[in-house]
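Working notes for the structure below.
The values are calculated or read from the model by the stated rules, or taken from the named source; none is laboratory data. Not measured: the values here are computed from a predicted model. Heads up, the Cβs are rebuilt from the backbone with ideal geometry, glycines too, and the neighbour counts pull from every protein chain shown. With ligands, DNA and RNA removed, areas are computed over all heavy atoms of the protein, side chains included. Shrake-Rupley method; radii C 1.70, N 1.55, O 1.52, S 1.80 Å.
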Amino acid sequence: MATRFKEALNSGKFVITSEIGPPKGTNIEKMHHHIDLLKDRVVAMNVTDHQSSVMRFPSIGGCLAIKERGGEPILQMTCRDRNRLALQAELLFAYTRGVRNVLCLTGDAVPVGDHKEAKGVFDLDSLQLLRTIRLLESGKDLGGNDLDGAVEFCAGAIVTPEANPIEPQLLKFEKKIEVGAEFFQTQAIYDLDNFAKFMKFARQFSVKILAGIVLLTSARMAKYMTENVPGIFVPQNLIDELAAAPKGEALNKGIEIAGRMIAALKKDSVCDGVHVMAIGREELVPDILAAAGF
Amino acid sequence: MKSITKQKSFDEIKEQLEGLDKVYVIGCGTCATMTKTGGIEEVQCMKDRLQELGKIVTGSTVIPTACDEMTEVALKENNGAINSSSCILVMSCALGVHKVSCYIDKPVIPALDTLFIGLEDEPGNFHEVCAQCGHCVLGQTAGICPLTACHKGLLNGPCGGTNKGKCEVDITKDCAWTLIYQRLEAQGRLDMMRKYQPPKNFQATPRPRTIKIA
């Protein structure tokens with residue numbers, strides 16, 4: 001049975017997803033608040049999996065909270081923290097609890113996070129995880145054993161259209177499609193011309209592409225992102241635009257920019273939708289959508 | 001070049017030698033000499049520092065290759081000084097430490113940390129080339145090992161963290177998969193990279209590793 005998210009992807013309508021960052025601790029009030037705020041505004045919500053290698057409440061826990069509150073979750077699953085047994089087990093569990101969408105990620109490196117001495121697992125990579133999902137769907141596990149009850153997922157992956165050099169990324173993008181990725185949520189994009197070039201390439205494949213929209217909160221943050229976050233490039237004109245905003249208005253300018261980008265992507269049918277990442281400011285997602293005309 | 005080593009901090013060496021006042025020092029004429037961690041000069045320097053610390057250095061030697069069979073002979077030749085010591089401080093990689101331990105009942109203390117098996121790309125600059133994983137993929141990766149050169153050991157291409165051809169973990173380090181891509185492209189063999197690589201068999205490296213050659 002197709003998930004709500006998959007139905008939306010196949011409907012031809014412009015699909016909007018957003019992201020929920022689970023708490024560092026057991027206080028899940030804020031996460032619940034964000035879920036309630038967004039569950040009817042977006043088609044589905046990703047729950048990040050120890051984003052930036054920082055230990056947090058688990059993605060599967062956030063997904064169950066979304067289910068309980070009537071939303072549609074997308075389970076983010078990184079290969080950094082679990083070996084192939086643990087990854088498969090979690091997929092079985094997620095399925096039995098009604099989680100039907102999975103985003104397969106390699107995961108950030110351990111030393112960038114807050115447990116710098118931990119052992120990075122990377123037993124599988126994102127491609128191998130995608131293929132594992134398709135294998136579990138056939139009723140087999142990675143050991144070649146029969147399952148007593150299989151799974152069925154809408155499985156996706158990420159792509160970084162601003163990566164430098166881009167060619168190896170595009171090659172991996174194709175490989176991800178070959179092993180069964182149905183949708184892609186991209187790393188943050190800011191240069192729409194560059195993104196259009198990527199989409200021209202991506203359109204030869206029958207996969208759905210949701211452009212990553214990350215809220216810029218200030219000129220400083222934009223500059224930091226472009227200088228320090230791999231795969232993110234913020235053009236100078238956007239940094240200037242944020243810098244020129246009146247004092248205290250930079251955040252509103254960031255919301256306006258994000259909204260403007262979403263509206264432009266929709267207007268020209270550049271891609272199949274957007275994935276909005278407010279990174280800890282999830283309460284601003286409705287404002288971004290309003291700025292985009294939704 | 002094989003074993004790449006670095007000297008332990010003198011504080012750690014001092015700690016390990018606590019209660020052991022008479023020290024015999026062994027260096028190695030091969031890898032530890034080339035990495036300047038356990039050659040003639042470093043052994044002399046270590047002796048001086050130990051004496052400053054109040055230790056009695058009963059003698060020293062630099063064995064041509066501490067991990068081979070000559071070690072037993074060298075130890076026998078220095079029997080007297082070794083017998084009068086309370087411990088042996090070995091300035092070689094862990095192979096040499098093990099080899100010395102085979103022939104001596106006294107405490108054998110390593111003065112170096114063994115880091116990896118590597119090559120010297122320019123004088124004084126060493127990099128790991130092999131993780132001894134037990135199943136070599138160099139044929140598909142244009143001679144660059146993604147298990148050692150990629151921080152995440154990825155087999156199917158670069159992660160999203162690669163930036164301007166550098167690694168997200170260390171921006172001074174080239175992204176292994178960018179290098180692999182470039183080299184395969186130059187060889188007209190990009191199809192190697194397009195091929196899906198299944199999950200690695202990590203049991204190809206038995207633990208502990210042993211092999212019997214018939």
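Against the conditions (1) open to solvent by 60 Å² or more (accessible area, probe 1.4 Å); (2) aliphatic (A, V, I, L, M); (3) modelled with pLDDT of 95 or more, A:Ile288 satisfies every one except (1). For B:Asp191, the test of being touching a Lys or Arg at 6+ places or on another chain (Cβ under 8 Å), acidic (Asp, Glu), within 14 Å of chain A (Cβ to nearest Cβ) and without any contact (Cβ under 8 Å) to a residue 40 or more places away in the chain is failed. Counting only residues that are out of contact with any Leu (no Cβ under 8 Å at 6 or more places or on another chain), facing another protein chain (nearest Cβ under 8 Å), open to solvent by 50 Å² or more (accessible area, probe 1.4 Å) and without any contact (Cβ under 8 Å) to a residue 60 or more places away in the chain, the stretch A:112-150 holds 1 of them.
Scanning the stretch B:150-169 finds no residues that are within 24 Å of A:Gly107 (Cβ to Cβ), more than 14 Å from chain A (Cβ to nearest Cβ) and either under 25 Å from the mean Cα position of the chain (by Cα) or charged (D, E, K, R) (or both). So is A:Asp108 at pLDDT 95 or above, within 11 Å of another protein chain (Cβ to nearest Cβ) and surrounded by 15 or more Cβ atoms within 10 Å (Cβ to Cβ) or not? For A:Asp108, the condition - at pLDDT 95 or above, within 11 Å of another protein chain (Cβ to nearest Cβ) and surrounded by 15 or more Cβ atoms within 10 Å (Cβ to Cβ) - is not met.
Every condition in (1) within 14 Å of another protein chain (Cβ to nearest Cβ); (2) on the phi > 0 side of the Ramachandran plot holds for A:Val159 except the one numbered (2).
Picking from residues in the stretch A:230-244 that are open to solvent by less than 80 Å² (accessible area, probe 1.4 Å), closer than 13 Å to A:Val214 by Cβ and part of a loop (DSSP other than H, G, I, E, B), the one that is nearest to the other protein chains (Cβ to nearest Cβ) is A:Gly231.
Of the residues making up the stretch B:191-202, not a single one is in a loop (DSSP other than H, G, I, E, B) and under 23 Å from the mean Cα position of the chain (by Cα).
If B:Val129 meets every condition in (1) open to solvent by 60 Å² or more (accessible area, probe 1.4 Å); (2) more than 14 Å from chain A (Cβ to nearest Cβ); (3) on the phi < 0 side of the Ramachandran plot apart from one, which number is that one? Of the numbered conditions (1) open to solvent by 60 Å² or more (accessible area, probe 1.4 Å); (2) more than 14 Å from chain A (Cβ to nearest Cβ); (3) on the phi < 0 side of the Ramachandran plot, the odd one out for B:Val129 is (1).
Looking only at the stretch B:1-33, which residues are buried (at least 19 other Cβ atoms within 10 Å of the Cβ), outside any strand (DSSP E or B) and hydrophobic (A, V, I, L, M, F, W, C)? Selection gives B:Ile13, B:Leu17, B:Cys31, B:Ala32.
Scanning the stretch A:214-273 for residues that are of a type in the set (D, E, K, R) and within 30 Å of B:Cys167 (Cα to Cα) turns up A:Arg220, A:Lys223, A:Glu227, A:Asp240.
In the stretch B:160-190, the residue that is nearest to A:Val229 (Cα to Cα) out of those that are in a loop (DSSP other than H, G, I, E, B) and modelled with pLDDT of 95 or more is B:Cys175.
Of a type in the set (A, V, I, L, M) and at pLDDT 95 or above - does that describe any residue in the stretch B:193-209? Within the stretch B:193-209, one or more residues are of a type in the set (A, V, I, L, M) and at pLDDT 95 or above. Within the stretch A:269-285, the set of residues being open to solvent by 30 Å² or more (accessible area, probe 1.4 Å) and either at pLDDT below 95 or polar (S, T, N, Q) (or both) comprises A:Ser269, A:Ile279, A:Gly280, A:Arg281.
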